[in-house]
Amino acid sequence: MENGSTIRKDLELLGLRELEGLKYFYCPLLSVIYLDILILNIVIVFVVLINPSLHEPMYILICNLAINSIFGSSTYFPKLLMDLLTSTKTISRDGCLTQALFITVYAYLEIMIFAGMAYDRYLAVCHPLQYAILMTSAKVIKVLINSSLVLFILLLVSILLTVRLPLCGTQIKNVFCDNMSIFILACTDTSINNIYGTIIIIAITCFFTLVIVFSYVQIYIVCLRLSKESRHKAMHTLRTHLINFSIFFLGFLFLALRHRLGTIYLSVSADVGLSMPSFLIPPLMNPLVFGVRTEALKSKMVLPFKKVLQMKK
């Protein structure tokens with residue numbers, strides 16, 4: 001840790017040094033990924049919004065997942081690409097705190113929406129006769145809005161606890177900012193930050209993870225009673241959902257726990273490599289896994305292209 005307390009000094013993102021040598025490879029690659037994320041997710045949001053027949057719980061959740069993917073990617077990619085193009089390796093303290101807040105909000109919203117989708121499928125598969133009563137569009141929207149507000153307030157408090165700290169260090173071992181990477185640079189005691197952050201991680205993450213695990217275990221049990229063909233189709237969908245969530249969740253856990261496991265040293269390259277997949281793979285795969293593979297949504301997405309082809313004929 002560097003000497004000299006600082007309140008306003010810029011912070012250095014060490015991960016950008018790791019990418020600097022191959023920036024002319026990473027810039028086009030990351031630009032294509034970001035553009036694909038935007039196009040795929042915007043299409044899903046647009047299709048769900050303009051089709052009243054898709055204003056149902058599952059499609060509302062898929063739409064929110066797409067919106068969150070756009071939000072999360074946009075807190076990460078534009079600055080990373082600009083930093084690589086301009087060979088910039090620093091970020092202001094205020095900018096770092098803002099990015100840390102947005103990235104954390106994105107991560108927790110992602111887990112929340114995954115939990116909502118898992119619970120929706122659990123009710124649809126395990127309680128089909130009660131589904132229409134238990135899961136309505138109005139209830140889903142209300143829960144999403146209220147839960148998002150509560151999450152934002154809880155995470156904002158975490159950032160505000162960091163704002164008050166004078167920093168003695170300026171180096172962050174990644175290409176973006178997260179809250180714990182900032183407050184571990186503090187000159188003063190950070191036990192309050194650590195305790196509050198740990199409580200938030202355990203309470204929120206455990207709750208949503210239990211919902212997901214419970215829902216998919218119950219769905220799996222029901223799948224075992226189906227015919228071989230139906231079971232194979234259901235299990236394939238279940239595996240795809242779980243793989244996509246697991247990729248995101250492992251990256252999230254790494255970000256949440258890496259500084260709390262103080263005895264484990266990781267290089268900057270390992271830090272970047274283990275944290276980036278959460279921002280690359282799920283936002284890109286979510287539209288394909290939850291959008292294109294959902295028949296009703298897929299048909300609405302393909303319809304405009306069919307009309308264009310028919311007009312040409």
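Residue ranking by accessible heavy-atom surface, 1.4 Å probe, largest first, among TYR106, TYR131 comes out as TYR131, TYR106. At the listed q of 0.18, 0.21 Å⁻¹, the Debye profile of region 186-252, built from one uniform point per Cα, gives log10 I(q)/I(0) equal to -0.78, -0.92. For the chain, the equivalent ellipsoid built from the Cα gyration tensor has semi-axes of 37, 24, 17 Å, listed from largest to smallest. For LEU35 and LEU253, a Förster radius of 25 Å and the Cβ-Cβ distance give a FRET efficiency of 0.30, rounded to the nearest 0.05.
Simple rule: put +1 on each Lys or Arg Cβ and -1 on each Asp or Glu Cβ in region 129-251, find the dipole, and look at TYR216, LEU167, ALA186; the Cα lying farthest toward the positive end is TYR216.
Determine the dipole magnitude for the chain: charges of +1 sit on the beta-carbon of Lys and Arg, -1 on that of Asp and Glu, nothing else is charged, the reference point is the Cα centre, and the result goes in debye to the nearest 20. Here the size comes out at about 1080 debye. Two decimals is fine: what is log10 I(q)/I(0) at q = 0.16, 0.17, 0.26 Å⁻¹ for region 44-105, from a Debye sum with one equal scatterer on every Cα and no solvent? The Cα Debye sum returns log10 ratios of -0.64, -0.68, -1.03. The apolar share of the surface of the chain, taken as the fraction of accessible area on carbon and sulfur atoms (1.4 Å probe, ligands and nucleic acids excluded), comes to 71 percent.
Pulled fully out, how much extra length does the chain show between CYS187 and CYS206, if you take 0.36 nm times their separation in residues and subtract their Cα-Cα distance? Could you put the intermediate results ahead of the total?
Values: separation 19, 0.36 × 19 = 6.84 nm, distance 3.13 nm.
In short, 3.7 nm is gained.
Once the 1.4 Å probe is applied to the protein heavy atoms, the chain comes out at 51 Å² accessible per residue.
What accessible area, in Å² to the nearest ten, does a 1.4 Å probe give for ILE202? Surface open to solvent at ILE202 totals about 90 Å².
The values are calculated or read from the model by the stated rules, or taken from the named source; none is laboratory data. Since this is a predicted model, take the numbers as computed values, not measurements. Reconstructed Cβ throughout: ideal geometry from the backbone, glycine too, with neighbour counts over all protein chains shown. Areas reflect the complete protein model, heavy atoms only, side chains present, ligands, DNA and RNA absent. Shrake-Rupley method; radii C 1.70, N 1.55, O 1.52, S 1.80 Å.
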